[in-house]
Structures are given as structure tokens and as C-alpha cells.
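Data block below; observations after.
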Amino acid sequence: ELANRMAERAAVVVKTLMTMGTMVTINQTIDADTAQVVVEELGHTVKRVSDADVETDLTGPEDQADDLQSRAPIVTVMGHVDHGKTSLLDALRETDVVDKEAGGITQHIGAYQVTMASGAKISFVDTPGHEAFTAMRARGAELTDIVVLVVAADDGVMPQTIEAIRHAKAANVPIIVAINKIDKPGADPSRVRQELLNHEIQVESFGGDVMDVEVSAKKRINLEGLEETILLQAEILELKANPNRAAEGVVVEAKQERGRGNIATVMVQRGTLNIGDIFVVGSEWGRVRALVDDHGHHVKSAGPATPVEVLGLQGTPSAGDQMVVVESEAKAREVSEYRTNKSKAAKAAASGRGTLEELFSQIAAGVVKELPVVIKADVQGSIEALQGTFDKLTRDDVKVKVLHGAVGAINESDITLARASNALIIGFNVRANPQAREMAKRDGVDIRYYSIIYDAADDVKRMMTGLLDPVY
Ligand code: GDP
């Protein structure tokens, strides 16, 4: 690459490096300082480009208000296990009018779009639960516009319901409550509404602003009502995107398939993705060879909020990776190589110090005003006592924000939440389970254990002044 840019033969560059005492092969990456010496040695002029330059000129200019058009909402379904998330996603999918007309076969590609009789569209992420949602958010992908929280009317609010609420709130995504299984004899929707009050979800009939809908996924009751409610919420959010620009999107799912190669399901966020487009996705790149929609039809292009399978990748990206269309293959290669190197560097750094340290120094510098924490404790009383103590520590410039407080051991969900929100985890008279411990180590999430409120308060106070270093 370096030789190409100078219009020199690669062998000449390698030879020059060797005379400088650097033994490299033609495919090896060299650092910027070495590159500069070689370039000057060969009589060329160096123009250094900063890291930021590589990323920023990637996305192009901001969209003007005039270019924006309404787009479909992107919805993720969350809730406790067995409350009917999968059943609801399947039932909603069958309300699609296009599906019936075109005679396409349902393809599970990780996301799908429903067109209603009115012509309105809604896109659904087909992986229910907050794990996928938060894992994506931890990668920087803000894909979901609306969370549909499924609560079984015969079971009520359960631990994962509460987790889902915390995850959605941490991401600042509005919630619509779907009270499911109303066909069941033991169904008690008003109890669900009542219980939600304890978790900062106040539905409209209780004077709040959260919309709720009673449904039955199994008996297909009121699915249209739920869809209307989603559209209503979408209208409030005024979701817009510019379809007439180079596409950007997020990988929802990626895999390798025999005969088809690397395939990624991408939810387009803005612009329109076309066959032939060259793109970068994560640290991979490619050229769109074919686009396949959620009915298995080949399509020529995909606009905002449309999920589509993309063929023509050089490697397999990860869910949550950002896809950006670029103008040339050279640019795609450059960015993908840059990102590969960066992720290698990030991995090396993660084994040392992580992001909480940055947070502390930002707090100390007055850049950040909140210290997010997740509290897990042995009894509810301890959570309340800790919360009360933290409230008292609040100063004008910094406050403690409790993202989630629950009784029980620290689990994987706590780690993903803390990671996505860059939060500290406090275990009060509880420990982390082995999987969570492993995850925390890998992701550089700071867990601290206490059995005395005063000790916890003391540490948090010192973190707020930026005096305490994180431990991993
Ligand atoms: P998930 O774990 O949240 O994805 O839940 P599932 O969709 O797998 O549903 C769990 C169980 O509840 C299954 O046996 C479903 O058939 C049943 N179920 C889902 N929705 C309803 C409903 O509206 N009414 C009744 N009676 N059962 C339902």
C-alpha cells in the first residue's frame, strides 16, 4: 500500500526498510514513524493523517432538514422468559400484507418489516431480549427506536421484566407495554399496570405517558392495536432519514453460508444501499453482490429502516458493527485496515485499563456530571439504604445515577448493562456468578464488593472527586 502510494516498487520499500534495520515482509504493517522515514528516504513528501480523519470523512456531510423523509420505526421486543416475545414477533410478522401478496417465503434473517393495510411500515429486530439490544449498544449501535415490553397478564412483572425496563431506560428508548396472554383465565392486566408503577412505568390510564396495549399473541387478539400504538409512538418521535445519500446501517446478524459466502443482515439507517456499492463494515469491507429481503426476494436497493441480507463481504462482521458505503475500494481497504489495527490496539489496552478510568478523569475534569452505578444486594433494604446515601453525596457538579438496583447475585445482564452505560457495579453482601465474573474481566467492567454502607459511600465519594482508580 505504501509503495503504491509512492508509485515505487514494493521490493524497493522492503529493501529500504532492511537497510534501516527493520526486517519486514510485504504484507506487514509498519508504524507511522517508520513509514515517514522510508517515505522521506525515497524522496517523497509525507502527509500525516490523523486517526480521526480516517473516520470522519467517512460519513460525509450532515443531512439538511429538507432532505429528510419519514421512515419506519425500528422495534425491539423485550420481556421475561416465556411471556410470549417469540410468539408475539411471529404473530406480528403474519400481519404483513406484502407477504401474502407476493407469495414470498418467510426468511429469518434477524429482522423483518411489516407493511400494514394502510401502507404504513414497522421494522422489527427478530432477536428478542435485552442481551442482544445491550450488546449492540455496547458496540455503539443505536438501532432501536421503540421497545415493546411484553408482560404476561397471568404472571405479572418478573425479574427480566425489570431488567428490560432498566436497559431500555438506560438507552433512553421509549417503552410500549404489551400486556400479553389476555386470553388466559388467570389474566389480570390491571395488576400488571399496578406492578409496573413500582418500576417507574406509569401507563396512560394511571396518568403517566407510557402507552399500553392488551394483546394475545396466541389467539391473535389486538395485534393491529399494538401496531397502531407503535405508529403513534413513532409519530411522536418524528423519525426521519435522508434516503438519497450513500447508505449507513447496522449489522443485526452475520454468518457464513456454504455457497453464499459471508452474509450480513443490515438494517439501513440512512441513505439507500444499492447493488455494486462498496462498503466498510466493522473492520471488514466488501462490494454488494446481491441484496435479499426478509421474504427471500432479491432486491436492487434498500432504503432507511429496511432490513436486508447483504452478500459480497470479504469477511464476517459482528452484530452491532456499523456499515458505511464509501466511494472507492481503496478507501474501503484503508478504513478496514485502519480499524483492524485499532481493534488490535484496543484489545491490548482492554487487558490493562479500561473506560471507567477515563470516566473518572472526565468527572474530575468536570466534563462528565454523572457516575452511573448498578447495585446488587442481599435485601431490598440495603439497596434503598445505599441509594439514600448516594443521594446525599450529590453535589452541584456530580451526582450518582443508579441505573439498576436489584436483589441477587451479579449476573451477565448486569455486566452488559454496566458495559453499555460505562457504569460501576456495586455488590452489597452478594458476589458475581462465575460467568459474570469472567465477562467483567473480559470487558473491563469494574465490580466492587461491600458489606458496610459507609465503605461504599466513601469509595463512591472519592470516585466523584476523581481520586480513586478503578480496579478490575
Ligand atoms: P418467550 O420466551 O418470551 O419468547 O415466550 P414464547 O413466545 O416462547 O411463549 C412462551 C409460551 O407462552 C409458549 O408456550 C406460548 O405458546 C405461550 N404464549 C405466548 N403468547 C400467548 C398468549 O397470548 N396466550 C397464551 N395462552 N399463551 C401464549
Exercise. About its Cα centre, how strong a charge dipole does the chain have in debye, to the nearest 20, once Lys and Arg get +1 and Asp and Glu get -1 at the Cβ?
Worked result: 1040 debye
Problem set entry | Listed peptides 13-23, 282-292 by packing density, highest first (mean Cβ within 10 Å) | 282-292, 13-23
Exercise. Going toward the positive end of the dipole of the chain, with +1 on Lys and Arg Cβ and -1 on Asp and Glu Cβ, which of VAL374, GLN69, TYR450 do you reach last?
Worked result: TYR450
Problem set entry | Most to least packed among 147-154, 319-326 [average Cβ atoms within 10 Å] | 147-154, 319-326
Exercise. When only Cα pairs under 8 Å and 6 or more residues apart are kept, what is the percent relative contact order across the chain?
Worked result: 12 percent
Seminar exercise, completed: Sorted list, accessible surface of protein heavy atoms, 1.4 Å probe, largest first, for SER301, SER336 is SER301, SER336
Exercise. Could you work out Rg/(2.2 N^0.38 Å) for the stretch 136-281, with Rg from alpha carbons only?
Worked result: 1.28
Exercise. Of all DSSP beta bridges located in the stretch 92-242, what percent are antiparallel, nearest 5?
Worked result: 35 percent
Seminar exercise, completed: Per residue, the convex hull enclosing the Cα atoms of the stretch 197-236 spans a volume in Å³ of 84 Å³
Problem set entry | Distance in nm between pseudo-label sites at GLN194 and GLN387 (7 Å out along the Cβ direction from Cα) | 2.0 nm
Problem set entry | Exposure of LYS369 as accessible area (Å², to 10), given a probe of 1.4 Å and all protein chains | 110 Å²
Problem set entry | Those GluC sites (Glu not before Pro) in the stretch 84-150 that DSSP places in a loop and that have at most 15 other beta carbons within 10 Å | GLU94, GLU142
Exercise. Looking at the chain, what % of its DSSP beta bridges pair antiparallel, to the nearest 5?
Worked result: 50 percent
Problem set entry | For the chain: accessible area per residue (Å², 1.4 Å) | 48 Å²
Seminar exercise, completed: Taking Cα pairs closer than 8 Å and at least 6 residues apart, the relative contact order of the stretch 88-157 in percent is 21 percent
For this session: Give the whole-number value, in cubic angstrom per residue, of the convex hull volume spanned by the C-alpha atoms of the stretch 247-345.
Result: 85 Å³
For this session: Run a plain Debye calculation on the stretch 374-472 (Cα atoms as equal point scatterers, no solvent) and give log10 I(q)/I(0) at q = 0.21 Å⁻¹, rounded to two decimals, same order as the q list.
Result: -1.09
Exercise. Which log10 I(q)/I(0) values, to two decimals, does the chain give at q = 0.08, 0.09 Å⁻¹ under the Debye formula with one point per Cα?
Worked result: -0.58, -0.73
Exercise. If you place +1 on the Cβ of every Lys and Arg and -1 on the Cβ of every Asp and Glu, how big does the dipole about the Cα centre of the stretch 212-356 come out, in debye to the nearest 20?
Worked result: 740 debye
Problem set entry | Dipole of the chain, positive end: most advanced residue of ALA168, ALA141, ASN222 [Cβ charges, Cα centre] | ALA141
Exercise. ³J(HN,Hα) across the stretch 107-122 via Karplus (A = 6.51, B = -1.76, C = 1.60, θ = phi - 60°), whole Hz, x for Gly/Pro?
Worked result: 10, 8, 10, x, 7, 8, 10, 10, 9, 8, 4, 6, x, 5, 10, 9
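The values are calculated or read from the model by the stated rules, or taken from the named source; none is laboratory data. Keep in mind that this is a model prediction, so the values were computed, not measured. No Cβ is skipped: glycine too gets one built from the backbone with ideal geometry, and neighbour counts run over all protein chains shown. Heavy atoms of the whole protein, side chains included, go into the accessibility calculation; ligands, DNA and RNA do not. Shrake-Rupley method; radii C 1.70, N 1.55, O 1.52, S 1.80 Å.
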